[in-house]
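For reference, the structure is listed below as C-alpha cells.
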Amino acid sequence: MDASKNDLPTSVPAIKKYPTLIFWPAGHKDEPIVYQGNNTFIDVLNFVKNNAKNKIKVPRFDLDTIKEKLAAILNKIRFK
C-alpha cells in the first residue's frame with residue numbers, strides 16, 4: 001500500500017523511509033513487524049519465513065545454477 005496516499009490502520013507503526021516492509025503474522029493483527037534488513041530477495045524471503053506463524057514451504061535455490069542459467073540467457077541475447 002502507498003502510505004503517502006492512503007489512510008493507515010492504527011496498527012501501522014510510524015513510517016520512517018520508503019519503501020518500508022511491514023509484516024503482520026497470522027493471528028497478530030496488532031503486532032506488526034517492520035523489516036530492517038537488506039532489500040534482496042533472499043533476505044526478505046528469510047524474514048517472512050522466520051516470522052510467519054504458519055509454515056511456509058520455500059523451494060531450495062541453488063544460486064550457482066541460477067547464475068549459470070542467467071549468464072547463458074544474457075549471452076544468447078547479446079549475440080543475436
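The values are calculated or read from the model by the stated rules, or taken from the named source; none is laboratory data. Quick caveat: nothing in here was measured; it's all calculated off a predicted structure. A quick note on method: Cβ atoms are made from the backbone with ideal geometry, for glycine too, and the neighbour counts reach across all protein chains shown. Ligands, DNA and RNA are excluded from the accessible area calculation, which covers all protein heavy atoms including side chains. Shrake-Rupley method; radii C 1.70, N 1.55, O 1.52, S 1.80 Å.
Matching residues to (1) among the β-branched types (Val, Ile, Thr); (2) over 23 Å from ASP2 (Cβ atoms); (3) outside any loop (DSSP other than H, G, I, E, B):
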| residue | (1), (2), (3) |
| --- | --- |
| ALA26 | no, yes, no |
| ASP43 | no, no, yes |
| ASN46 | no, yes, yes |
| LYS53 | no, yes, no |
| ASP64 | no, yes, yes |
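Just one residue in the set ALA14, ALA71 is closer than 29 Å to ALA3 by Cα and hydrophobic (A, V, I, L, M, F, W, C); that residue is ALA14. I'm trying to understand the selection: among the residues of segment 28-60, which are more than 11 Å from the chain's Cα centre (by Cα) and open to solvent by less than 80 Å² (accessible area, probe 1.4 Å)? Within segment 28-60, HIS28, PRO32, ILE33, VAL34, ASN51, ALA52, ILE56, VAL58 meet the criteria.
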